[in-house]
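The values are calculated or read from the model by the stated rules, or taken from the named source; none is laboratory data. Quick caveat: nothing in here was measured; it's all calculated off a predicted structure. All Cβ positions, glycine included, derive from the backbone under ideal geometry; neighbour counts span all protein chains shown.
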Amino acid sequence: MTMTKKTFTSLDEVRGHILKGTATIYHGSKTSTVVAYDQLAQYAQENSWGDWCMGDLSQLPKKCHLDERQQLHVEGPVTWSEAKAFCRSKGRDIMTAPTEELACVLAGVSTSCTGERCFGFGTLRDQVVELAFINFRGEDEVLSAERDLVESSHLSSYQEEILNYQNTFAGYASFKNGPFPRFEKETDLLIGTEGQLGVVTKGVFKTTPLENVHYLFVALPKWEEDFTAHLELFEAVQEFRQDVLSCELLDENSWRYLDPEDRPREGKDIVYLEVRESELENIYDNLLSQLKHIGPDDFFAVSENRAISLRMAIPRRVFERNSQVGVVKKGTDIQVSGERFQELLLKYRELSQKGIRYNLFGHFGDAHLHFNFMPTQAQVSQCQDLLEELYHWVKEVGGSPFAEHGIGLLKQDFIKPFYTCAQEKLFAILKKEMDPSLVFFPFGFLRGQRDGE
Ligand SMILES: Cc1cc2nc3c(=O)[nH]c(=O)nc-3n(C[C@H](O)[C@H](O)[C@H](O)COP(=O)(O)OP(=O)(O)OC[C@H]3O[C@@H](n4cnc5c(N)ncnc54)[C@H](O)[C@@H]3O)c2cc1C
């Protein structure tokens, strides 16, 4: 078994590499939290991967432009931070904002990433207009969001399998991402399939006019002790999705990863709102001032740069701390329906009482929070068991277990119970038709076995 590494500086090199037939994991900025890049060689050995390659796309040529319809064209390893700066320099803005802005936009397509602005603008998959990729023959292909998957030339003989699959996805349609990809539009073939069907080389995305925004921080009691105020805010903010672009929670435990001078309110959780400037007064008068459990001293404005850098610093510190201790992240990415949000908080409260360090942050307004155990090495297997139980509950209540970070390698065991025959069949068809020589991340979730198989 050998592992090789290859860094590509042109798309011709990528095409040539694909034709050699080596199983390859292509990557962008390597910020995925579900792959554990630093332990990949060992993982590959344990799972008998044979010969395989890490294909680095981060040195390919990159460019951005806006077309006459104000759609953003991205080629190569453009990061979210670069895409945002480019759009803003032209009076436009991106509608997706994953917390880690050094991640690549096209990798974000592969992971179906979402993030903060999903609250106001919806998911990335609905902002994609067109995608280009290199297929297993080393040829360029273009997929359009205007074509339904059943019309796609790749799958014309498999209409029944696609429709069966789509029926099983229907219950997850309102989530950012379900336990398996949507597979409704032709572009969905590359969204959330984690590079298992081809290398994404170009994307065209909707943008929005640039406008001033304000960040309002709301201080709340610690959620483990009392989440009445959290629930009140959660329910009230739903009516303001047109005006509030993001609605994020950073709990008191999370703030402790930052220096004391960076913590906005000692001993408090913070929910922050990214609000359109034109709607600021409306939000003060008709949302914040109406709340019974939150008083005027509990909310205050913070500059955009500061809010974003604080928000980004917390998951980065958590990630760094886990690497230092030598444990793989033991965190959740669960989204539930609004009606189940209180139950989710109760579940997290139970986990908080297990004697393992933890923190909670994430996309509060979407009922989508990351509960992170911060275990010692000795506590890792206990965390694994507790998470397994939690995913049973998520399945029972029809929630989404991994709403934005994907499955990668780390979540494959947890996802199996969510698959049915419809997933197994369509996944196998996709691999057969689009990756017959198994060169695109053949160790990924499209292998699709259910539990016990
Ligand atoms: C601190 C922190 C915060 C985060 N916050 C968010 C968040 O808010 N929302 C969110 O969705 N995610 C978040 N993530 C997860 C991560 O940033 C995303 O999964 C991101 O999309 C990965 O981008 P990347 O360039 O690092 O991809 P990589 O890690 O390099 O690759 C990720 C996957 O995509 C595949 N891939 C990459 N590029 C291509 C390509 N061109 N063609 C085909 N396949 C490809 C890879 O094979 C791999 O499976 C966060 C991560 C961290 C560390």
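When restricted to residues that are within 11 Å of the ligand (Cβ to nearest atom) and either buried (at least 20 other Cβ atoms within 10 Å of the Cβ) or of a type outside the set (A, V, I, L, M) (or both), region 35-52 contains 2.
Out of L220, L273, L250, I need the residue that is touching a Cys at 6+ places or on another chain (Cβ under 9 Å) and surrounded by 23 or more Cβ atoms within 10 Å (Cβ to Cβ). Which one? First the steps, then the outcome.
Working: L220 fails: touching a Cys at 6+ places or on another chain (Cβ under 9 Å); L250 fails: touching a Cys at 6+ places or on another chain (Cβ under 9 Å).
After applying the criteria, what remains is L273.
Examine region 85-95 for a residue that is touching a residue at least 60 places away in the same chain (Cβ under 8 Å), under 15 Å from the mean Cα position of the chain (by Cα) and crowded, with 18+ Cβ neighbours inside 10 Å, and state whether such a residue exists. Yes. All conditions in (1) more than 16 Å from the ligand (Cβ to nearest atom); (2) touching a residue at least 60 places away in the same chain (Cβ under 8 Å); (3) within 24 Å of K411 (Cα to Cα) hold for I314, with the sole exception of (1).
Here's the yes/no breakdown for (1) surrounded by 13 or more Cβ atoms within 10 Å (Cβ to Cβ); (2) free of Cβ contacts under 8 Å to residues at least 60 places away in the same chain; (3) among the aliphatic types (A, V, I, L, M):
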residue	(1), (2), (3)
L258	yes, yes, yes
K268	yes, yes, no
E279	yes, yes, no
P296	no, yes, no
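Scanning region 18-41 for residues that are modelled with pLDDT under 90 and polar (S, T, N, Q) yields a single hit, Q39.
Kindly check whether there is at least one residue in region 2-23 that is outside any helix (DSSP H, G or I), among the β-branched types (V, I, T) and within 9 Å of the ligand (Cβ to nearest atom). Among the residues of region 2-23, not one is outside any helix (DSSP H, G or I), among the β-branched types (V, I, T) and within 9 Å of the ligand (Cβ to nearest atom), which makes the answer no.
Give me a count of the residues in region 53-69 that are more than 12 Å from the ligand (Cβ to nearest atom) and out of contact with any Gly (no Cβ under 8 Å at 6 or more places or on another chain). Total meeting the criteria: 7.
Just one of E116, E100 is within 7 Å of the ligand (Cβ to nearest atom), more than 20 Å from L60 (Cα to Cα) and surrounded by fewer than 22 Cβ atoms within 10 Å (Cβ to Cβ); which is it? It would help to see each step written out before you state the result.
Details: E116 fails: surrounded by fewer than 22 Cβ atoms within 10 Å (Cβ to Cβ).
Among E116, E100, only E100 is within 7 Å of the ligand (Cβ to nearest atom), more than 20 Å from L60 (Cα to Cα) and surrounded by fewer than 22 Cβ atoms within 10 Å (Cβ to Cβ).
Filtering region 147-202 to residues that are within 16 Å of the ligand (Cβ to nearest atom), on the phi > 0 side of the Ramachandran plot and not small (G, A, S) leaves only E194. Filtering D435, D413 for residues that are out of contact with any Cys (no Cβ under 9 Å at 6 or more places or on another chain), acidic (D, E) and under 30 Å from R137 (Cα atoms) leaves a single hit, D435. Every listed requirement among (1) more than 16 Å from the ligand (Cβ to nearest atom); (2) of a type in the set (D, E, K, R); (3) at pLDDT below 95 is met by K411 save one, (1).
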